[in-house]
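**Student:** Below is one structure. I have some questions about it.
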Amino acid sequence: MVRRNKPKQLSEPQIAEFMAAAAALHQAIVSPLISTQCDHYRSMQDLHEALLKTVKDITGKDAEFVQWFGAGSR
């Protein structure tokens, strides 16, 4: 029986694939215009925060697909 060690991190192509999927998920989260007072909005915000944290954990950088507006815009 062959035992194979799995890599401890994603390869560059896997990171690129993950980032494309993360960008699509980001767009799905931020595009619905719903009331900020509803449970769905709060749940989507929690999901978005988790997505951005995961992107930073994997890439070591903030997500490039996020656009900031207002004071402190990039």
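**Student:** If the only charges are +1 at each Lys and Arg Cβ and -1 at each Asp and Glu Cβ, what is the size of the charge dipole of the chain around the Cα centre, to the nearest 20 debye?
**Tutor:** Dipole magnitude for the chain comes out near 420 debye.
**Student:** Would you mind checking the tilt of helix 39-59 against the longest principal axis of the Cα atoms of the chain, expressed as 0 to 90 degrees and rounded to 10?
**Tutor:** 40
**Student:** Same structure, new question: Say we join alpha carbon atoms closer than 10 Å with springs in a Gaussian network model of the chain; which of Ile15, Ile58, Ile34 then has the biggest fluctuation?
**Tutor:** Residue with maximal mean-square fluctuation among Ile15, Ile58, Ile34: Ile34.
**Student:** On to the next question. For the Cα atoms of the chain, what angle does the longest principal axis make with the long axis of helix 12-30, in degrees from 0 to 90, nearest 10?
**Tutor:** 20
**Student:** So what is the 222 nm mean residue ellipticity for the chain from helices alone, if each DSSP H run of at least 4 adds -39500 (n - 2.57) and you divide by all residues, rounding to the nearest 500 deg cm²/dmol?
**Tutor:** -18500 deg cm²/dmol
**Student:** For Val30, Val55, which order do you get if you count the other beta carbons within 10 Å of each Cβ and list the fewest first?
**Tutor:** Val30, Val55
**Student:** Quick one: in the chain, what % of C-alpha pairs are over 21 Å apart?
**Tutor:** 41
Readers should treat all values here as calculations from the given coordinates under stated rules, not as data from a laboratory. Just so we're clear, the structure is a prediction, and the values are computed from it rather than from any experiment. Counting neighbours? That spans all protein chains shown, and the Cβs are built from the backbone with ideal geometry, glycine included.
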